[in-house]
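What follows is a single structure, written as structure tokens, with notes after it.
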Amino acid sequence: MRAILCGANGAMGKLIDGILGGEVAGRVSIDGENNVPKTFDELGIVEADVIIDFSHHSAVADVLAYAKKIGCAAVIGTTGHTAEEKALIYEAARQIPVFYSGNMSLGIAVLCRLAKEAASFFPDADIEIVEVHHNRKVDAPSGTALMLYEAVKSVRPDAHAHCGRAGEGKREKNEIGISSLRLGNVVGIHEVHIHTGSQSLTLRHEAGNRAMLAEGGVAAARFICGKAAGLYTMTELLEGK
């Protein structure tokens, strides 16, 4: 596999670089440090199988444009995309294979599957999602919390998200509460609380460090190489395993 790293000088980029070693075909980083090109124009045409992007969601247009230009796959590991940026991802997937996930952890993928199954067993239960991250995280709710919400909503089509809780008003029957906490250097904690009134079930995933995301990003890249054009997620990766 020949991979181009976007965000190569970032924390995630360095972790992925260490995993890939000689499989790195090119690097891009907006800071330009370590003699890394700042843009894809500076990088020029590089022969590669996949671009792995863990930079910033605002870079997605450039990442996808370059992937389409050289005819390679793309792994989008950033979160917080605007509606317009998401539309670019979906459009690009018509031409090239795109792997897009709010979280690249295999453990989170399993958590989503368990949350979906548990919600189907308790159709009348109250369900709340809690996510905790470090105090420097910009977007809220996290992309992972939204993945968990979508997993629950897939078996509760009438459900709607309620992000944060303030003011007066009772909890509505079909709402899925999402709460976000920002504390210190927490890498990531996600919990799904399911309460029926007579019993409760809590599903929890805690990230020990960011290496799991780097490993997941590389696994996604290996999975998507050689695939037909389309949008791929952790669901397809799990099924592929």
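The values are calculated or read from the model by the stated rules, or taken from the named source; none is laboratory data. All of these numbers come straight from a predicted model, not from anything done at the bench. A quick note on method: Cβ atoms are made from the backbone with ideal geometry, for glycine too, and the neighbour counts reach across all protein chains shown.
Numerical summary
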quantity: Only one of Leu64, Leu5 that is within 21 Å of Phe223 (Cβ to Cβ), surrounded by fewer than 24 Cβ atoms within 10 Å (Cβ to Cβ) and of a type in the set (A, V, I, L, M, F, W, C); calculated: Leu64
quantity: Among (1) at pLDDT below 95; (2) more than 16 Å from the chain's Cα centre (by Cα) - the single one Thr79 does not satisfy; calculated: (2)
quantity: Verdict on Ala228 being hydrophobic (A, V, I, L, M, F, W, C), assigned to a loop (DSSP other than H, G, I, E, B), in contact (Cβ under 8 Å) with a residue 12 or more places away in the chain and over 15 Å from Ala125 (Cα atoms); calculated: yes
quantity: Strands (runs of 3 or more DSSP E) contained in region 1-55 and holding at least 2 residues modelled with pLDDT of 95 or more and not hydrophobic (A, V, I, L, M, F, W, C); calculated: 24-28
quantity: Count of region 113-144 residues which are modelled with pLDDT of 95 or more and small (Gly, Ala, Ser); calculated: 5
quantity: Residues of region 187-215 classified as touching a His at 6+ places or on another chain (Cβ under 8 Å) and free of Cβ contacts under 8 Å to residues at least 12 places away in the same chain, total; calculated: 2
quantity: Every residue from region 67-103 that is polar (S, T, N, Q) and within 18 Å of Ala8 (Cβ to Cβ); calculated: Thr78
quantity: Exclusive hit being at pLDDT below 95 and over 17 Å from the mean Cα position of the chain (by Cα), set Gly188, Gly184, Gly169, Gly177; calculated: Gly169
quantity: Search result, residues across region 30-50 that are out of contact with any Leu (no Cβ under 8 Å at 6 or more places or on another chain) and surrounded by 16 or more Cβ atoms within 10 Å (Cβ to Cβ); calculated: Ile30, Val36, Phe40, Leu43, Val46, Ala48, Asp49, Val50
quantity: Region 163-175 residues that are within 17 Å of Lys153 (Cα to Cα) and of a type outside the set (Asp, Glu), paired with ones that are exposed (fewer than 11 other Cβ atoms within 10 Å of the Cβ) and at pLDDT 85 or above (beta carbon under 7 Å, 6 or more apart); calculated: Asn174/Asp158
quantity: Scan of region 131-145 for residues that are of a type in the set (D, E, K, R) and surrounded by fewer than 20 Cβ atoms within 10 Å (Cβ to Cβ), ordered by number; calculated: Arg136, Lys137, Asp139
quantity: Qualifying position, being acidic (Asp, Glu) and touching a helix residue (DSSP H, G or I) at 6+ places or on another chain (Cβ under 6 Å), among Glu131, Glu175; calculated: Glu131
quantity: Every residue from region 151-172 that is touching a helix residue (DSSP H, G or I) at 6+ places or on another chain (Cβ under 8 Å) and hydrophobic (A, V, I, L, M, F, W, C); calculated: Ala151, Val152, Val155, Ala159, Ala161
